[in-house]
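This report refers to the structure that appears directly beneath it.
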Amino acid sequence: MKIKEVIDALERFAPLPLQEDWDNAGLQIGLTAAEASGALLCLDVNENIVDEAIEKGLNMIVAHHPLIFRGLKQIVAADTVQRAVMKAIKHDIVVVAMHTNMDNARGGVNFKIAEKLGLENVDFFARKKVGDIEGGSGVVGMLPASVAADDFIVKVKQAFGVECAMCNELLRRPVRKVAICGGGGDFLLPQAIALGADAFITGEMHYHQYFGHEQEIQICVIGHYQSEQYTSEVFSDILAKECPTLHTEIAETVTNPIYYY
C-alpha cells in the first residue's frame with residue numbers, strides 16, 4: 001500500500017477543510033509515493049517517537065498534534081522540533097498530522113472521549129460546515145443514568161487514568177447531560193452552558209473561566225494529554241477498516257511533557 005493511500009483514507013474520515021484556520025494538519029514530512037511499511041500512531045511527535053518508528057521498521061508516523069506548527073526558518077538541530085524533522089527526513093519517515101480536522105470530525109477525538117465515558121446519543125454542538133462537510137468543535141451526550149457530581153468526577157478520573165481533576169465546586173444536582181471538548185476546549189464553556197449541559201469536560205481551562213459558574217455547570221478539567229490520549233485508537237480504527245493490510249502500532253512512547261509530583 002502506498003503512503004498516499006493511507007493519507008487519503010485518513011483525510012476521507014477527517015477532511016482537511018475541517019481544520020481551524022490557524023492549524024497545520026496534513027502531510028508534514030516526506031514523499032507519499034513510497035510503499036508504507038507500517039504506521040506508528042501517536043498523539044505528539046518528538047525524537048523518541050521517531051526513534052520508536054525506526055526501531056519498529058515503520059516508515060510512517062500518524063500523529064494528532066502537528067510536529068511543524070509554526071514555520072521553520074532553519075533546520076539546524078537547534079531545538080527538539082528541528083531534531084525530530086532532521087531524523088525523520090534522514091530515515092525516510094513520513095509524518096502526517098490529523099489535528100483539528102480530527103477534533104471536528106464525526107467519530108473523531110471528541111466522540112472517542114464520549115465513548116470512553118459510555119455516553120449515549122452523542123452528537124455535535126458548536127457545529128461547523130465547510131461546503132457539504134459537517135463537523136463540530138465539541139460533542140454532547142447523555143450518561144445512561146444520572147449520577148451525583150462527585151461520582152461523575154470519579155468516573156471521569158477512572159476512564160482517563162488521572163489522579164486528580166481540576167473542577168469548580170461540586171454541583172448539587174445530578175449529572176446526566178455532558179459536553180466535551182478534548183485538548184484546550186475552554187472556549188466552548190459558554191455554549192456548553194447554553195445547551196443545558198450538567199457537566200463540561202476538557203483538557204485545559206484558563207483560571208478566570210472557573211469563576212461565576214457555581215451550580216450552573218460542573219467543570220472537569222483533566223489535562224490536555226490525558227483528554228486526547230485515546231486519539232491513536234481513532235487512527236487505528238480508521239486504518240483497520242480502510243487499509244486492512246497496513247501494519248499499525250500504537251506508540252509505546254509517552255510524550256506528555258507535564259509531570260505530576
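The values are calculated or read from the model by the stated rules, or taken from the named source; none is laboratory data. What you see is a predicted model; the values in this text were computed from it and never measured. These accessible areas exclude ligands, DNA and RNA; they are computed on the full protein's heavy atoms, side chains included. Shrake-Rupley method; radii C 1.70, N 1.55, O 1.52, S 1.80 Å.
Numerical summary
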item	result
Chain lengthening between LEU31 and ILE68 when straightened (0.36 nm per residue, less Cα-Cα)	11.7 nm
Highest-MSF residue in the chain out of ILE49, ILE217, ILE75 [GNM, Cα springs under 10 Å]	ILE75
For the range 53-157, share of DSSP beta bridges that run antiparallel, in % to the nearest 5	65 percent
Equivalent ellipsoid dimensions for the chain as semi-axes, Å, which come from the Cα gyration tensor, largest first	34, 19, 17
Fluctuation leader among ALA159, ALA78, ALA88 - the chain, Gaussian network, Cα springs under 10 angstrom	ALA78
Candidate aspartates and glutamates - alpha carbon under 19 Å from LYS116, same-chain residues fewer than 8 apart omitted	ASP103, ASP150, ASP151, GLU163, ASP198, GLU204, GLU228, GLU233, ASP237
With every protein chain in place, the chain: carbon and sulfur % of accessible area (1.4 Å)	53 percent
Volume of the Cα convex hull of the range 141-261, divided per residue and given in Å³	131 Å³
Where Rh is the Kirkwood radius over Cα pairs, Rg/Rh for the range 128-170	1.16
For the range 98-149, convex hull of alpha carbons as volume per residue, Å³	81 Å³
Coordinate range along principal axes, alpha carbons of the range 153-222, Å, largest first	29, 25, 18
Alpha carbon Rg of the range 40-193, scaled by the compact-globule rule 2.2 N^0.38 Å	1.28
5 angstrom amide H check on ILE219, placed H, neighbours 5+ away	ASN168, PHE200
Percent of beta bridges antiparallel (DSSP, the chain, rounded to nearest 5)	50 percent
Set of lysines near LYS87 by C-alpha distance (under 30 Å), chain-local residues within fewer than 8 positions excluded	LYS2, LYS4, LYS56, LYS73
Heavy-atom accessible area ranking, 1.4 Å probe, most first, across ARG83, ARG12	ARG12, ARG83
Amide H contacts of VAL94 (H built 1.01 Å from N, under 5 Å, at least 5 apart or other chain)	MET60, ILE61
Spatially near lysine pairs across the range 120-242, Cα under 28 Å, sequence gap of 8 or more or different chains	6
For the range 121-130, Karplus couplings with θ = phi - 60° (6.51, -1.76, 1.60), whole Hz, Gly/Pro x	6, 7, 8, 5, 10, 6, 5, 9, 9, 10
The range 145-261: antiparallel DSSP beta bridges as a percent of all, rounded to 5	25 percent
Solvent exposure, largest accessible area first (probe 1.4 Å, DNA, RNA and ligands not counted), of MET98, MET142	MET142, MET98
Dimensions (Å) - the range 1-88, Cα atoms, principal axes, largest first	36, 34, 22
